[in-house]
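Reviewing the structure listed below.
The values are calculated or read from the model by the stated rules, or taken from the named source; none is laboratory data. In this text, all values refer to a predicted model and were calculated from it rather than measured experimentally. We place every Cβ from the backbone using ideal geometry, glycine too, and count neighbours over all the protein chains shown.
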Amino acid sequence: MDSLTQIVLGAAVGEVCLGKRLGNRAMLWGGIAGTIPDLDVISNLWLTPLQGLVVHRGISHSLFFAVLFSFLIAWLVKRYYDSNLYTHKGIRKLASGLASVGVLAFFGGMASLFYYFEIGSIGLAITTSALLGFGIYVVYRTWKYYGLVEVPMDIKIDYKSWYLFFFMTIFTHPILDCFTVYGTQIWAPFSDQRIAWNNIAVADPAYTLPFGLLLIATSLYQRGSRMRARMKLWMLVFSCGYMALTFVNKYYIDTLVEKTMAAQGIKANRYMTNPTILNNILWSATVEADSVYYQGSYSHFDKEAKFKFVSIPKNHQLLGAALNGDKTVRILRWFSNDYFCVLKRQDGRLQINDMRYGAFNASNANPKEDDFIFKFILEKDKDGKFGLAGEAGRPPKGQEREMMAILFKRIMGI
């Protein structure tokens, strides 16, 4: 899922594991550990886009990585506390500086997000960032005032406890990613199978915001207090309960897909469902038949309890012998779990579309090349092999507002 959700989850797991002994520092360390698997995106600086598809959510998101890396980070952190370095003024200033850089980067990311999707003006982005900054400042001052930041000098955490702490905060990251449609190579490097349960969107504010608020509320009470224990319980109940409800929701959606297929006489080889971005109300369905895909959506606000399907040709024959013999095509088929269609662009190049995500407007019976959410443009090199000339997983440039407006209208059943 998105980085903010992973930070919140890591902090919450940290609180559960060592909150009684470390206080709010358990949340801080948990939030840091919860972001570690996503540092694989740094490799995009030297990898090709195709290689990046293979690496992301690869070995850094595996059980193997969590088991081994936890040995190292647990040893380093234990040495840090055993040496009492955290009491040194210079170290504190360095940590404060790094935290400030992190906060500024977060604000910059928020501003970029608003600008990227053109949801509002840059002024709105700056205002939102300022409000977030003020909220973080209030929480920090509260921690300082009530003595919730410092760790008592007499607390000693053994290595086993540190190891279990970091294993849990790191490994829950890929577990959460498994709930999304993207897929996670949790058994790497022994298998490249990508686990995807498709029950929650990559970003879902209805999950992240209440979870984060409960986490902040928990942090405002003294470690070991009865009220902090209660808030922690409510935090866990919400997180687990929301996830359980998304599975119940998915079961209902799957049942609805099957009823719709039966009513329309659609004979399917297989099908998949997943929620659309930012919500768990509007769901997308992709049904695979012999030569076409049936793509449709359903919102819980729709007047009729059925999916609205349109057929999209597979056009696999456009790839010719490359369908099974070309390396780039083979990786894209693996990435899309073989849910893909092909079209010929206006410039003559071929484009592979990942049908797990479908089109921005699922009710469009004739989607154009820019309508697909995840698309990969192919181009042959001098040896006749395909390479990626372009890829995207976002609205076409200049059409962000239009696509987001279509999404929100469909969520409301329009």
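Below, the figures for the structure above:
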{"item": "Matching entry among G241, G224, G212 (being assigned to a helix (DSSP H, G or I) and in contact (Cβ under 8 Å) with a residue 60 or more places away in the chain)", "result": "G212"}
{"item": "Filtered residues of the range 282-305 (kept if over 14 Å from E258 (Cβ atoms), outside any strand (DSSP E or B) and aliphatic (A, V, I, L, M))", "result": "A289"}
{"item": "Check on L215, out of contact with any Asp or Glu (no Cβ under 8 Å at 6 or more places or on another chain), of a type outside the set (F, W, Y) and under 30 Å from A12 (Cα atoms)", "result": "no"}
{"item": "Criterion: in contact (Cβ under 8 Å) with a residue 12 or more places away in the chain and in contact with a Ser or Thr (Cβ under 7 Å, 6 or more places away or on another chain) - qualifying residue of G14, G23, G19", "result": "G14"}
{"item": "Residues of the range 39-67 satisfying the condition of being of a type in the set (A, V, I, L, M) and either more than 28 Å from V181 (Cβ to Cβ) or under 20 Å from the mean Cα position of the chain (by Cα) (or both)", "result": "L39, V41, I42, L50, L53, V54, V55, I59, L63, A66"}
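Rundown of residues vs (1) of a type in the set (S, T, N, Q); (2) outside any helix (DSSP H, G or I); (3) in the same structural domain as I170 (by TED's automatic domain parsing); (4) modelled with pLDDT of 85 or more, yes/no style:
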{"residue": "G52", "(1), (2), (3), (4)": "no, no, yes, yes"}
{"residue": "S70", "(1), (2), (3), (4)": "yes, no, yes, yes"}
{"residue": "R79", "(1), (2), (3), (4)": "no, no, yes, yes"}
{"residue": "Y86", "(1), (2), (3), (4)": "no, no, yes, no"}
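Results for (1) hydroxyl-bearing (S, T, Y); (2) more than 21 Å from the chain's Cα centre (by Cα); (3) closer than 27 Å to G212 by Cα; (4) surrounded by fewer than 22 Cβ atoms within 10 Å (Cβ to Cβ), shown as yes or no for each residue.
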residue	(1), (2), (3), (4)
F238	no, no, yes, yes
G241	no, no, yes, yes
M261	no, yes, no, yes
K267	no, yes, no, yes
I281	no, no, yes, yes
V287	no, yes, no, no
Y298	yes, yes, no, no
A305	no, yes, no, yes
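To keep it simple, each residue is scored yes or no on (1) touching a residue at least 24 places away in the same chain (Cβ under 8 Å); (2) under 29 Å from the mean Cα position of the chain (by Cα).
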| residue | (1), (2) |
| --- | --- |
| G320 | no, no |
| N324 | no, no |
| W334 | yes, yes |
| D338 | no, yes |
| R345 | yes, no |
| Y357 | yes, yes |
